[in-house]
Every structure is written in C-alpha cells, then in structure tokens.
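Notes to accompany the following structure.
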Amino acid sequence: MAVFVVAAPALALPPGTRVSGSVRDASGAPVPGAQVKLQANSYSVTTKSSEEGAFIFEDVPATSGTLDVTAAGFKETQEAWTAAEGAAQVKVTLQLASETQRVVVTATRSATPIGQTPVSDMQLSTADLEATPALTLDDSLRQIPGFSLFRRNSSRTANPTTLGVSLRGLGANGASRVLVLEDGIPLNDPFGSWVYWDRVPTASVASVEVTQGGASSLYGSEALGGVLQFFTRPAQPAGISLDASYGNQNTQDLSLSAGGQMGGWESVFSGEAFHTDGYILVPKADEGSVDSGASSNHGIADLRAGRRIGAQGEIFARGWYFDDSRNNGTIGQTNSIRLGQGSLGANLALGSLGNLQLRSYASFETYRQNFFSVALNQDSQALTDEQTVPAQGIGASAVWSRSLRGHQSLVAGLESHEEIGHSNELIFSTTTGSNTKDSYTGGHQRTTGVFGEDVIQITPRTILGLSARFDDWRNFDGFLITQPLIPAGLEETASYANRSYQAFSPRAQIVETLNSHVSWSASVYRAFRAPTLNELYRSYRQANNLTDANANLTAEVLTGGEAGVALEGLNNRLQLRGAFFFNEIVNPVSSVSCQVTPVPSICPPPTANTLTFVRANLGRTSAPGVELDWVAELTRRFELSGGYQYVDAKIISAPGQPSLENTWVAQVPHEAFTFQARFTNPELVSFSVEGRYTGMQLDTNQLPMGSFFVLDAIALRSLTHGTEVYAAVENLFNEQYVTTAATPLSPPQIGLPIAARFGLRFSFAGVR
C-alpha cells in the first residue's frame with residue numbers, strides 16, 4: 001500500500017513579518033534536517049528544519065511565494081504560502097520517495113527498512129487511513145484483500161465474539177489466528193482471542209503494520225497467521241487531532257488524540273465515544289416483531305505518561321478503560337464488556353550494547369451476554385442462556401536488539417503471559433422461562449517463550465533473516481460445575497486434566513535487491529496456536545445455532561512459505577508486488593455439525609429447534625494462493641491502487657467428519673479484490689473512491705453465501721490550516737449481501753446497508 005500524504009495549505013497567523021512552519025512525515029513525526037527553500041519573486045533563501053522539524057524565515061520582502069522542501073528518503077514537495085498581516089504558517093507533510101525506505105518494526109521486532117522484509121509485509125499511513133471512507137478500523141483494513149473477520153459483518157454492529165481476524169485464507173472461528181497489537185501490547189481478548197477493534201481511537205492511529213504468514217518465531221501462539229500492529233501518535237510534535245461525525249442510523253462518533261512534552265516529561269491522551277442505532281439484521285421480507293436494530297455504544301479512554309531518558313530512551317505508564325454495549329438484533333438480546341488495562345514499559349538505549357525494550361501489562365474484564373431462541377417467523381423468542389465471563393490477563397516481555405557495524409542485526413527476547421477466565425451461565429427453559437440449571441466452567445493458561453533473530457546482510461543486495469522461538473504452553477485448573485435447579489439435583493463437579501504443550505517455531509527468509517527497480521523475497525516458517533479458554537470452556541449461540549465448547553482441544557500447527565517479487569518504475573510512480581504462498585494447518589480448530597455427523601464423545605444431547613455444533617480439531621487444512629497489489633501515481637494529484645488475492649482454502653482431512661473433506665474452509669472467500677482511486681487538491685476538494693469485491697464463501701453451516709461488491713466514497717474540503725470537512729458513504733449502491741446463511745430454523749442475516757455521514761477533522765501541531 002502506498003503512503004500518500006496531503007499537505008495542508010498555508011494559513012495566516014497573527015501579525016508579524018515571517019514565514020514559519022513544520023516538516024513532518026506521514027506518521028506525524030518531525031523530519032529534522034530537511035532543506036526548506038523559500039522563493040518570492042526574485043527573493044530566495046534556504047534553511048534547514050530543526051530537531052523538532054520547525055523552520056522560520058524572518059523579514060521576507062513579499063506577501064506570497066513558494067516553499068520547496070527536500071529531505072533524504074522523501075519526495076520533493078512544493079507548497080504555496082500567502083501572508084496575512086505580515087505572517088504565514090505552513091505545515092509540510094513529506095511523502096516517502098520509495099517503499100524500500102519505509103521503516104517497520106513489527107516484522108523483525110526492531111526498526112528495519114521495509115525493503116529488507118518480505119514483499120508481502122505492508123504499512124498503512126495516517127493518510128491512507130484518512131482517505132478510506134470506512135468508519136471503523138477493521139473496515140479500513142479491508143483494503144487489504146486477504147484481511148477478513150470470522151464473519152462478513154463489521155465491528156460497528158457485530159457481536160464481539162465474531163471479530164477474530166484472518167489473513168491469507170486461514171479463517172477464524174471467533175478466535176483470531178492473527179496477533180493484533182497496539183504499540184506492542186496485545187489487543188486479543190485474554191479469554192477468547194477475538195479483537196475489540198473499537199478499543200483504538202481512530203484519531204490516535206499514526207500507522208498500521210501488517211506482517212503476513214506464520215510469525216510465531218517472534219510472537220508465539222497468537223501469531224499463527226501473522227501480526228497486525230497499530231502505532232499511535234507520539235507526544236511530539238505536540239498537538240491535537242480530532243474527528244467528529246454524524247450519519248444515518250443515528251450514528252455519532254467523536255475521536256480525539258492530544259499530547260505534548262514539557263521538559264523531559266510527555267503525555268498523550270486518546271479517547272473515543274460512539275453510538276449507532278444500527279440496522280435490522282435480517283432482510284425486510286423476513287422481519288418479525290422481535291427484530292430490532294443491532295445498536296452499538298462504546299467509549300474508550302487511553303492515557304500515556306512518560307519520561308524521556310537521553311536522546312532515545314524513555315520510561316512510561318499507560319492505562320486504558322473500555323466500555324462497550326450492543327444489541328444483537330432482537331429485543332433484549334444484548335452483550336457488553338467492561339475492560340481495564342494497565343501497562344508499564346521502558347525503551348532503554350544501552351550505547352554500544354544495543355537497545356532494551358521492556359513491557360508489562362495486566363487486564364481485567366467482565367463480558368456479559370444473553371441468548372434467545374427465535375421463532376422462524378421472527379415473531380417470538382425465548383431466553384435460553386445468560387452468561388457472565390470474568391477474565392484476567394497478565395504478561396511481560398524483554399526484547400534486546402543490537403546492530404553490528406550496520407551489516408547484522410541481532411534480537412533476543414523472553415516473553416510470558418497468563419490468562420484466567422470463567423464462564424458462569426444461567427440456563428433457562430424455552431417453554432416455561434424458568435432457570436433450570438446453573439453452570440460454571442473455566443481454567444488457566446500460561447505460555448512462556450524465548451526467541452532470537454539474526455538478520456545478516458550477506459552482500460550489499462542480499463539480506464538473510466533467521467529466527468526461532470521455543471514456547472511452553474500449559475492449561476491447568478480446568479473445571480466444570482453444574483447445579484440442576486428444575487428438577488432440583490445434586491451439584492456435579494468435574495476437573496479437567498492439566499495439559500502442557502511445547503512448540504518450536506523457526507522461520508527463515510531471504511530478501512534480494514536485483515537492481516533499483518526489482519527485488520524478490522522468499523520465506524519458510526512454522527507456527528502454532530493454542531486453543532483459547534473460550535474454545536475450551538464456553539458455549540455460545542447465534543440465532544438458533546448452538547456451538548458447544550470442547551475441553552480436549554489440542555494446539556494448531558502451521559507450516560508454510562511464500563515467494564514474491566516487487567517492481568518499481570517510472571521514477572517510483574508505479575509499484576507492483578506479487579507473491580505466491582502456501583499454508584497448511586494440522587489439527588485446526590473448527591465448529592462441526594452434530595446433525596450431519598453426530599460424535600457421541602463430544603456432541604451434547606440434541607435440543608428441539610436448535611442446530612448444534614461443537615468445536616473440534618480437524619485433521620488438516622491447506623491454503624495455497626496468490627496475491628497481487630499495485631500503486632500507480634498517474635499525476636501529482638491522482639493515484640490508483642488495488643489488490644487481488646486468490647486462495648484455495650480447503651479441508652484436506654477431517655476424521656469423524658467425512659462430509660467436510662475436500663470442502664472449503666468456512667468463512668473464507670476464494671477470491672477478493674479491492675481498488676482505490678484517490679484525487680488530492682487541498683485548495684479545492686479531495687476525494688477517494690474505494691471498491692471491494694468478495695467472492696462466494698461458506699458459512700459455519702457449510703452453506704453457500706454469494707459474492708458481492710460494495711463501493712465506498714469520501715470527499716474532503718479544507719477550510720483553514722489543519723481543519724477540513726468531509727462527507728463519506730459506505731455501500732454507496734446499497735448492495736444487500738449475506739453475512740450468515742439461512743438455515744431451516746433461521747433466516748439469513750445481512751451486512752451493513754448504505755451508511756452516510758458528515759464529519760469535521762481538526763489537527764493542530766505546535767511549532768517551537
């Protein structure tokens with residue numbers, strides 16, 4: 001994906017005879033040492049930006065002119081300026097000259113030029129995200145063709161337990177097969193590994209990095225299919241960013257990030273408040289009296305405070321509070337989450353000994369959910385289950401890195417985390433409405449891993465990367481307590497055997513630059529994912545589909561590889577990338593139907609008006625595929641980009657479930673295509689049009705859901721320096737597409753209909 005940045009036009013400031021401003025990159029970080037040349041008629045003068053990216057020209061004998069700004073690794077940028085009352089201030093945002101000069105952290109756990117990582121690794125900048133019409137972060141990420149959630153619907157209305165992420169057709173079953181981080185802290189839920197995408201205020205995001213393919217060699221269990229990391233805005237340059245919008249479905253959103261520095265101290269506060277009335281989840285023809293809008297409300301507060309130590313070091317503390325509540329599509333069917341998290345960390349520069357990064361965190365949450373059995377005509381429903389799920393997660397890591405003479409980079413680390421969670425259920429009779437049984441189940445998990453990496457520049461054009469990790473996963477103190485109430489009975493208690501699993505996850509990759517226009521890369525890897533507490537112990541219901549837990553699940557193991565080529569031409573205005581990949585998972589966790597092939601050892605007794613599933617390890621799945629993406633800067637103001645992925649994700653073997661063999665992996669489309677057309681003119685209007693095609697796929701019932709295409713658009717108009725208004729539309733043509741297929745007991749559910757909003761963005765950065 002390209003980094004494409006819109007520089008704000010000049011703005012008149014209070015009286016004074018000077019031209020001042022700042023030079024920043026796409027993430028908002030200052031660019032020191034940039035050459036800034038001011039021209040006004042025959043007058044010309046040059047200076048360089050300070051360490052904070054600031055520049056000042058005094059006593060300029062003109063009221064208008066241009067600024068030419070150049071810096072190593074960035075494209076030359078020209079900005080016009082006009083003074084009012086003797087002064088003008090200009091914010092210049094530089095676009096990187098080439099993909100290869102972007103630096104990423106996620107792929108190697110140390111700062112690495114993206115040209116030294118596989119061509120499938122990518123980065124989205126603030127400008128990329130702001131030019132995307134989508135309201136939520138997960139919908140913004142759908143411009144990556146291989147990115148998908150467990151189901152097709154968006155986090156703005158979906159049940160959080162369906163928000164696990166998949167890359168490259170690996171699928172998700174609620175639990176994410178990709179590790180999601182925010183500034184190095186896991187966002188995957190400690191109980192179920194799904195992701196609360198609204199935990200990250202959109203105004204706080206500076207960039208997103210995506211590493212595809214098995215990444216357990218550096219990140220452990222959750223990184224079976226890759227890593228996705230959000231990096232938030234730094235305290236410097238000081239300033240504030242705000243995004244407020246209102247749209248149909250009574251959708252209200254306010255997102256804020258503000259930070260600054262005083263002396264050696266710095267702090268950043270980010271927050272967001274959101275509400276939508278949502279939409280009816282079933283088609284109009286299937287609506288009944290119990291249907292209601294899938295509404296959603298959330299609030300997040302995130303405060304970070306720290307102290308700089310020298311030029312590069314810092315220590316910091318951070319705290320989050322997150323509150324989310326939703327209606328799941330019928331009257332009274334709700335879920336909610338209350339989550340608090342704290343983190344302590346340090347980035348220490350050890351001089352010739354390298355750098356040390358320390359992180360620790362603890363999270364505490366309570367998730368509540370109720371479930372209803374709904375009549376096929378949607379005119380009546382009955383409460384079946386009320387769940388309360390308290391969970392805690394703690395973790396710590398230490399990562400050391402060192403560069404040796406610029407030709408070798410070493411990384412070594414230790415990481416440990418533990419999760420504790422219980423599912424407390426009140427089970428009700430659908431005929432009498434009485435509480436017939438109480439159930440309490442849960443357990444502990446602990447994972448400890450050690451890892452190392454060596455990135456070697458074999459020749460000036462060839463980079464070899466070797467990494468490996470050893471993990472010890474333990475599941476212990478598992479229990480199940482049931483208390484029959486109607487008829488009354490004795491409490492029954494069962495203990496699950498403690499289990500442990502050791503995993504060795506190696507990875508090798510090579511990146512070679514053939515010339516200034518062509519590079520290629522190849523990787524092979526092995527990764528694993530331990531089943532979550534949710535998969536082991538908690539059942540859930542979606543409409544009239546009941547999925548039961550399985551305390552005997554074993555870990556998934558992935559073996560895979562990729563090879564790709566990157567091409568650049570036309571003075572870096574055209575970029576093409578393509579990769580072939582192959583992934584195979586042994587013992588993948590999936591939901592299997594107890595109606596199709598009853599398995600007495602794991603299937604619960606049948607229940608009237610209910611389709612029952614149970615989580616089970618299948619034998620093997622494979623996902624070979626190819627992905628392509630391109631960026632073409634047709635003019636200085638107009639850019640086209642797009643991506644395509646084809647993946648043949650199939651179940652190769654499924655002992656005990658022969659009907660599943662040679663069928664598609666559920667919730668994975670074989671084809672996905674995206675494109676974006678972006679026009680930028682800060683003095684007039686900027687707009688972006690984004691299309692997304694998703695091919696046919698099977699839902700969890702192995703029932704087909706057809707392909708669909710949606711088109712989104714956004715138009716932006718600058719009002720003053722740092723302020724712009726915009727109008728955005730998602731699903732412009734109101735395409736109706738299925739997110740859950742119809743069954744004999746339930747109608748289909750559909751995705752987000754046309755959603756329009758108007759908004760205001762304000763961004764101010766202080767200049768010293």
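Every number in this text was worked out from the coordinates using simple rules, so none of it is lab data. Everything numeric in this text was worked out from a predicted model, so none of it was measured. In this analysis, Cβ positions are derived from the backbone assuming ideal geometry, glycine residues included, and neighbour counts consider all displayed protein chains.
Things worth noting here:
- The stretch 328-375 and the stretch 120-170: distance between their alpha carbon centers, rounded to Å: 18
- Rg/Rg_globular for the stretch 414-573, with Rg_globular taken as 2.2 N^0.38 Å and Rg from C-alpha atoms: 1.63
- Using Cβ point charges alone (K and R +1, D and E -1), the dipole size of the chain about the Cα centre works out to roughly 1120 debye.
- Relative contact order (percent, whole number), the stretch 91-172, Cα cutoff 8 Å, 6+ residue spacing: 16
- Among 345, 515, 256 the positive-end extreme of the charge dipole of the chain (Cβ point charges): 515
- Added length on full extension, which subtracts the Cα-Cα distance from 0.36 nm per residue, residue 696 to residue 446: 86.1 nm
- P(r), alpha carbons of the stretch 262-415 - 10 Å bins starting at zero, rounded %: 10, 24, 22, 17, 14, 10, 4, 0
- Sequence of 668, 195 once ranked by neighbouring C-beta atoms within 10 Å, starting from the fewest: 668, 195
- Here is the size of the stretch 615-741 from its Cα atoms: Rg then Dmax, 20.1, 66 Å.
- Euclidean distance between Cα centres, the stretch 198-245 to the stretch 521-560, Å: 24
- Computed from Cα atoms alone, the Kirkwood hydrodynamic radius reported for the stretch 192-254 is 14.5 Å.
- For residue 194, the residues 5 or more places off, or on other chains, whose built amide H falls under 5 Å of its own are 176, 189.
- Pairs of Lys residues in the chain that lie 8 or more places apart, or on two chains, and have C-alpha atoms under 30 angstrom apart add up to 6.
- Cα shape, the stretch 168-280, gyration tensor, a/c 1.5 rule: oblate
- Evaluating 6.51 cos²θ - 1.76 cosθ + 1.60 at θ = phi - 60° for every residue in the stretch 183-191, the Karplus couplings come out as 6, x, 9, x, 9, 4, 4, x, 8 Hz, glycine and proline recorded as x.
- Neighbour-count order for 721, 517, fewest beta carbons within 10 angstrom listed first: 517, 721
- Karplus-derived 3J(HN,Hα) values for the stretch 146-154, using 6.51 cos²θ - 1.76 cosθ + 1.60 with θ = phi - 60°, are x, 7, 8, 9, 4, 10, 6, 7, 8 Hz; glycine and proline are entered as x.
- Shape of the stretch 180-228, Cα gyration tensor, a/c cut at 1.5: oblate
- Fewest-first sequence of 208, 518 by Cβ atoms within 10 Å of each Cβ: 518, 208
- Whole-Hz couplings from phi, Karplus 6.51/-1.76/1.60, listed for the stretch 651-665; x for Gly and Pro: 8, 7, 8, 8, x, x, 9, x, 5, 8, 5, 6, 9, 5, 5
- Over the chain, relative contact order from alpha-carbon pairs under 8 Å, at least 6 apart, %: 11
- Relative contact order %, the stretch 204-315, counting alpha carbon pairs below 8 Å whose residues are six or more apart: 19
- Long-range amide H partners of residue 313 with built H, under 5 Å: 349
- Cα-projected label distance for residue 492 with residue 429, points at 7 Å along beta-carbon direction, nm: 1.8
- With Rh defined as the Kirkwood radius, the inverse of the mean 1/r over Cα pairs, the Rg/Rh of the stretch 310-398 is 1.31.
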